[in-house]
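Working notes, beginning with the structure itself.
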There are 2 protein chains.
Amino acid sequence: MNEVTARRARGGGGSARRAERTAVSLETARFITRNIPNFEILNDEALQIIEWNADTVLEEIGVNFVENPAALQRWRDAGADVRGERVHIPRGLARQLCASAPSGFTQHARNPARNVEIGGRNLVLAPVYGPPFVRDRDGGRRYATMEDFRNFVKLGYMSKWLHHSGGTVCEPTDIPVNKRHLDMLLAHMTLSDKPFMGSVTEPSRAADSVEMAKLLFGADFVDRNTVMTSLININSPLTFDATMMGALEVYAQAGQASIVSPFIVGGAMAPVTVAGTLTQVLAEVLAGVAYSQLIRPGAPVIFGAFVTSIDMNSGAPTFGTPEAAHITYGAGQLARRLGLPYRSGGAFCGSKLPDAQAAYESANSLNMALLSGVNFMLHACGWLEGGLVSSYEKFVMDADQLGTLHHLAQGIAMDDNGQGMDALREVGPGGHFLGCAHTQANFKTAFWRTDLLDYKPFETWEEEGARDTETLAAERVKKMLGDYQQPMLDPGVAESLAAFVAQRKESMPDAFV
Amino acid sequence: MNEVTARRARGGGGSARRAERTAVSLETARFITRNIPNFEILNDEALQIIEWNADTVLEEIGVNFVENPAALQRWRDAGADVRGERVHIPRGLARQLCASAPSGFTQHARNPARNVEIGGRNLVLAPVYGPPFVRDRDGGRRYATMEDFRNFVKLGYMSKWLHHSGGTVCEPTDIPVNKRHLDMLLAHMTLSDKPFMGSVTEPSRAADSVEMAKLLFGADFVDRNTVMTSLININSPLTFDATMMGALEVYAQAGQASIVSPFIVGGAMAPVTVAGTLTQVLAEVLAGVAYSQLIRPGAPVIFGAFVTSIDMNSGAPTFGTPEAAHITYGAGQLARRLGLPYRSGGAFCGSKLPDAQAAYESANSLNMALLSGVNFMLHACGWLEGGLVSSYEKFVMDADQLGTLHHLAQGIAMDDNGQGMDALREVGPGGHFLGCAHTQANFKTAFWRTDLLDYKPFETWEEEGARDTETLAAERVKKMLGDYQQPMLDPGVAESLAAFVAQRKESMPDAFV
């Protein structure tokens, strides 16, 4: 009996076996392992300049660790020059501290078939994170609720090309701010069996996340394995606030993974030029990852880069732009040179609707992220309106497009079957390949196929109502939610999770800010 | 006085000067010169296998030159083994013949500021080619007319990121088949001053194209320079029909450029595997380009690859797919190894509407084409419904996205200004970059900016009618056509062109098939 089945067996018995028998088997693609090169936009000289400059920033300008005396002491002990809340990190020190971080790690899911490997040539896809609003075709734009949250977790569970359940798939604004992390975690843990993210909005909520993970996976298992990857945003430029660092400290101490991620709208929170932004991104990640290793050497971390540009006329953030692509390509190279897994990309867009603008911008971003060597892609589906909105329709539209990334990453088969000389010989000039033996042997797997988009003849399409993509997507959302069946979970575990959530909720008054 | 002004002066005089004074100055971007690497998906070993296999195809299977005894004789004289209409080309011969084709060439426009360099690290963008239907938001889908054709030429002329006026921007179905090439050429020559394509639907129409070009540019100039690039499709698999080869012969003899282009729906006209399709593409291009050099060594040609995959359920061609991307990346590498300019890519989609599907598929295709090293991109804007429809709205939507390719291709500036260390020093931790000196000095050029998409706050956008991308595009189409002003043309030249068209039309009865 392996570790996972042993863990499953706790509190199992007859009811667990009954649950297993009724569970629905669902097709989920394995995380992507690239068999294609990364796109290397910068040469070695450029990368060395940026690395030199980032160290200059850390040493000469420094970074602020705000309202966090313990962090300042850790930095002092590590050899940094701390003046007030400003930490000046001597050239080379941050990179040296980062060396103890692993180049990759396994994030375990409660269903071991859904475990993901983060790092190397792998790419793990997770849904949109953070929007306070949702939109769907029938209901329009409105504040997100816990019911929406559960629906998005269900859609994520049902989405073949999505490997990860994500975190705050939308903000459940109908639940008190200080309690919603409990309901969100419970939803990920019970409505899906894919890996998920922990809460970061306060250190105590990170601690709750670890506690709940222990109920789900077993305390021993969590002590020895990574079962959560959480999003630690840096307050760019160059500022590490106590809330986010507090959450990072909890996760690092527990051996759980953190994405150390500058959150940058270029021209506002970073220089208006690409190389300047890359310098800042690298400096911030170096400082944040180094700090994680001061907490616990070997704690799993991810080099994060959330970057967009800004519309200089309106000040609005813009998405799917060439400058964001440049930064994403460059940051990937910097992450690989640092030997860390890389988080960036997403189905980013600024559009208010899941229309052509949304799709152009999202496709630009998704393609660029694949070629940038991203290892963990948050916001891979469902993002709308600059991240203010989780869109039901766009969730399934993007999730369908994620299939193209899987196929792109396979590269080109060069074995005898791939070369297809038999087909060329069989068909010859003027012939047709549809019926030949080589086609018959390969047609089922040769091409990616959408589960959503329209390929029908014009007349058929018109007779069927001339549906646009949003309409097709709205129908698919309804079908997926209708078909949803909850994955098997040990009833004892489910009860203990529910009891924990109830107890924690009772222990504090509601807070709505 | 240089060659071009000398040419302009013919038949000029007072009226030409008056025309020049009233001409509108219009912003058009220079063709793209890449300052970023190409994406190399295949390694040397894979490329050598494909090259070996392509030569095997040419030698062992051979290619058909149909109803073209002169071509068969040329091949015999060159050393090929001709049996019936089947030409077996000994290993290495085709590549050897291709060596006389130039690695790049200038296509001249009547306005020398619009000349384009095709080859090397350059990318020239041209609009959609060939659809029998048009669609716009108000009028829906309908057969294209000459009025539509003129409108698309005007939109192309007004589109900042489009370098080329293209060819059959739509089929003017209200004009007899045997005469429409005359009206189409006249429209390109008079309504735009960007470079254009010649007719290929019959050798006599190619000859008419050359004659009209001589009226526009002067006969001497056309004899010594390339002023047209025309699309010669191969009848895949491995078949060269007399019509297309006849047109190729006319253009090669006149020193005008041809795109030698397999037209492949993978799985139907080529093997269902990528490497097999690449083998066929290379074999076909080798044979076609070699043949052009048998007509006239040194004739300018382009390595073309129009490739899509097929939906194996319905048989419909599909666009923006990963398999098409693989082929486009690989064919670019093969073209570069052959030392030829490369044509591929386009804003391809299968959607019936300019909706999200259209934009996902088009953005996938456009991004892949840039990184594939494409030198000439036909269909860069306006393509809808698998090429059956030229869409007014999608034309301006795609044309706007072409701006992102220009900015992506610039790469990352690594000079002192690009590094932005002054900005980082000025702003420091917790600061804001919008007001800093570095931002102020760079904000006008730092970021690509759309002329179409919506970045407004939600409330403003809603008050203004909650317009989707198609609606914004429809408004932009109306504005562009309203603002259009014809570029200056020597009235003597205009008269001679009109007279030629009238005379040629009178010389033949109408034909509608």
Segment A:Asp422-A:Asp223, extension gain: residue separation times 0.36 nm, minus the distance between their alpha carbons: 66.1 nm
Based on DSSP, what percent of beta bridges with both residues in the protein assembly as shown are antiparallel, to the nearest 5? 45
Which of A:His406, A:His163, B:His88, B:His438 has the fewest Cβ neighbours within 10 Å, and the rest in rising order: B:His88, A:His406, B:His438, A:His163
For a bin width of 10 Å, list the pair-distance distribution of chain A built from all Cα-Cα distances, rounded to whole %. 4, 18, 28, 27, 15, 6, 2, 0
I want to check the label-to-label distance for B:Glu462 and A:Arg83. Put each point 7 Å from Cα in the C-beta direction and report it in nm to one decimal. 4.9
Over chain B, relative contact order from alpha-carbon pairs under 8 Å, at least 6 apart, %: 20
Between the residues A:Ser314, A:Ala287, A:Ala252, the Cα farthest towards the positive end of the dipole of chain A, that dipole coming from +1 and -1 charges on the beta-carbon of Lys, Arg, Asp and Glu, is from A:Ala252
Name the aspartates and glutamates eligible as straight-distance cross-link partners of A:Lys214: C-alpha to C-alpha under 17 Å, and not fewer than 8 places from it in the same chain. A:Glu3, A:Asp183, A:Asp193, A:Asp223, A:Asp490, A:Glu495
Can you sort B:Arg137, A:Arg135 by how many other beta carbons sit within 10 Å, fewest first? B:Arg137, A:Arg135
Given H placed 1.01 Å from N in the peptide plane, which residues other than close sequence neighbours of B:Gly166 have an amide H under 5 Å from its amide H? B:Met197
Would you kindly derive the ³J(HN,Hα) couplings of region B:284-296 from the backbone phi angles with the Karplus curve 6.51 cos²θ - 1.76 cosθ + 1.60 (θ = phi - 60°), listing them in order in whole Hz, with x for Gly and Pro? 5, 5, 4, 5, x, 5, 4, 5, 4, 7, 5, 5, 7
Averaged over A:389-399, number of beta-carbon atoms from partner chains that fall within 10 Å: 1
Which is farthest toward the positive dipole end of region A:445-513 among A:Ala511, A:Ser496, A:Thr471, measuring Cα position about the Cα centre, with Cβ charges +1 (Lys, Arg) and -1 (Asp, Glu)? A:Ser496
For labels at A:Tyr143 and A:Glu45 in the simple 7 Å Cα→Cβ model, what's the distance in nm? 5.7
In debye to the nearest 20, the charge dipole size for chain A, taken about the Cα centre with +1 at each Lys and Arg Cβ and -1 at each Asp and Glu Cβ, equals 1320
Could you size up the charge dipole of region A:138-283 around its Cα centre, putting +1 on the beta carbon of Lys and Arg and -1 on that of Asp and Glu, and report it in debye to the nearest 20? 320
If neighbour count is taken as other Cβ atoms inside 10 Å, put A:Cys381, B:Cys436, A:Cys98 in order from fewest to most. B:Cys436, A:Cys98, A:Cys381
One would report the antiparallel percent of DSSP beta bridges in chain A, rounded to the nearest 5, as 45
Once label points are set 7 Å from the Cα along Cα→Cβ at both B:Asp241 and B:Ser100, what is their separation, rounded to one decimal in nm? 2.8
Compute the separation of the alpha-carbon centres of region A:372-428 and region B:191-224 and state it in Å as a whole number. 42
Euclidean distance of C-alpha centroids, region B:38-111 and region A:151-190, integer Å: 57
Residues with amide H under 5 Å from that of A:Phe376, placed H, sequence gap 5 or more: A:Val124, A:Tyr342, A:Arg343, A:Ser344
Using the crude model of +1 on Lys and Arg Cβ and -1 on Asp and Glu Cβ, and no other charge, please compute the dipole size for the protein assembly as shown relative to its Cα centre, in debye to 20. 680
Using a Förster radius of 22 Å, what is the FRET efficiency between B:Ala113 and A:Asn313 based on their Cβ-Cβ separation? Nearest 0.05, please. 0.20
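Every number here is computed from the coordinates shown, using simple stated rules; none is lab data. The shown structure was predicted, so the numbers you read here are calculated from the model rather than taken from an experiment. Glycine gets a Cβ as well: all are built from the backbone with ideal geometry, and neighbour counts include every protein chain shown.
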